[in-house]
Amino acid sequence: MAGKLNEGGVKQASNSCPDIGEPENGKRVGDDFSIGNEVHFTCGEDYVLQGSKTISCQRVAEVFAAWSDHRPVCKAN
């Protein structure tokens with residue numbers, strides 16, 4: 001919704017983050033991308049998580065929402 005104009009010509013705020021996907025060889029737990037919510041990441045057997053296990057959707061500026069960190073990656077152990 002961010003960037004779209006309503007009838008009054010004012011930008012509407014986005015109240016959710018984009019789908020962050022899943023790391024290759026891993027899994028995301030959580031599918032509510034609204035501001036204030038978190039998603040958690042795990043890796044498959046024989047893989048180790050590099051990056052944040054948990055990230056949250058946060059308000060950035062007045063009209064944008066963004067993740068607190070990048071999606072982590074799963075590296076072979």
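Values in this text are rule-based calculations from the coordinates and carry no lab data. No experiment lies behind these values; they were computed from the predicted model shown. Cβ: placed from backbone, ideal geometry, glycine included. Neighbour counts: every protein chain shown.
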Legend entry - Cβ-derived FRET efficiency at R0 22 Å, D31 paired with R59, nearest 0.05: 0.65
Inset, instruction - Would you compute, for the Cα atoms of segment 26-70, the largest minus smallest coordinate along each principal axis and list the three values in descending order, in whole Å? - result: 42, 18, 10
